[in-house]
1. Between THR160 and VAL129, what's the calculated FRET efficiency when r is the beta-carbon distance and R0 is 45 Å? Round to 0.05.
2. Assuming R0 = 41 Å, what is the FRET efficiency of ALA104 and ALA223, from their Cβ-Cβ distance, to the nearest 0.05?
3. Taking the Cβ of LEU8 as the center, what net charge do the other residues with Cβ under 15 Å away carry, scoring Lys and Arg +1 and Asp and Glu -1?
4. Using a Gaussian network model on the chain with a 10 Å cutoff between Cα atoms, which of ASP221, ASP194, ASP19 fluctuates the most?
5. Using amide H atoms built in the peptide plane, which far-off residues or other-chain residues are under 5 Å from ASN180 H to H?
6. With Cβ to Cβ distances under 11 Å as the rule, what net charge do the other residues near SER204 carry (K, R +1; D, E -1)?
7. So what's the gap between the Cα centers of the range 82-117 and the range 173-246, to the nearest angstrom?
8. As a check on your grasp of the helix formula, calculate [θ] at 222 nm for the chain: sum -39500 (n - 2.57) over DSSP H runs of n ≥ 4, divide by the residue count, round to the nearest 500.
Amino acid sequence: MTRIDRLLPLPAAEMGDDDLLEAFGATPERWLRVNFVSSVDGAATAGGLSGGLSGAADKRVFELLRRLADVVLVGAGTVRAEGYGPMLVSAESAAWRTERGRPAHPVFAIVSGGLDLDPASTIFTAAPVRPIVLTTERSTAEQRARFEPVADVVVAGERTVDVVAMVSQLADRGLGRVLNEGGPSLFGALLAADRVDELCLTVSPLLVAGDSGRIARGPLDAARDLRLAQVLHSEGALLLRYLRQR
């Protein structure tokens, strides 16, 4: 297992999974967490993919954050670019969840304003839990009907997805602990709507340069103040946990 040490708030060496789950798990039942990775120089991708920046420690925390989530929320562009499959956590994570009376796997919720997805994808056909597709009135009734056998289709907005309505509808389904894994436009929309409670950011010890984008994109009326709650370290990578200032 990849070694992870805590630098802040209290130093701790070689944190186990239970230690990490305790550190990340103390949240209200309605909580929106965003998880991203970037290079030291601020690139959100390497070689066109965020996976090019992710190391062993990031992958370990990535899995644990999914273990804690009711629903994993991802934009359709990121689903396509990063090659997402069905939302499956590890056997250890599934056992941990069922022992606590939760479904073995979190729900996969995909945001697609125009329903530019394939209902025959294994994302849907091999899903252990029925996914949710969050769309807009731009999608046609015929498009939505194609997904009804494999997913719950939720209309949240007219031309663009209304993220406030989206988060509210997820909570109404008992999916209050939301983990957003991208992409930058969805993160930007959540920020603009002031719906982000927490950012988990892994800073990978790489310099990428080039023209890679940033982790959040879109207009914002004012900067959001954050509080640094935790710093983890592993093999040169920093895993930072920021909470929204209340």
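1. On the way: r = 27 Å, r/R0 = 0.59.
Efficiency computed from Cβ-Cβ geometry: 0.95.
2. Details: r = 40 Å, r/R0 = 0.96.
Once rounded, the FRET efficiency stands at 0.55.
3. Working: positive: ARG6, ARG227, ARG241; negative: ASP5, ASP19.
Net charge around LEU8: +1.
4. Ranking ASP221, ASP194, ASP19 by mean-square fluctuation puts ASP221 first.
5. ARG33, VAL34, ASN35, LEU73
6. On the way: positive: none; negative: ASP41, ASP58, GLU235.
Around SER204, the charge tally is -3.
7. 20 Å
8. Numbers: 8 runs with 67 residues, N = 246.
Calculated at 222 nm, the ellipticity per residue is -7500 deg cm²/dmol.
The values are calculated or read from the model by the stated rules, or taken from the named source; none is laboratory data. Everything quoted here is computed from the prediction, not taken from an experiment. Ideal geometry is used to build each Cβ from the backbone, glycine not excepted, and the neighbour counts take in all protein chains shown. The protein model used for the area step is the full one, side chains on, heavy atoms only, and it has no ligands, DNA or RNA in it. Shrake-Rupley method; radii C 1.70, N 1.55, O 1.52, S 1.80 Å.
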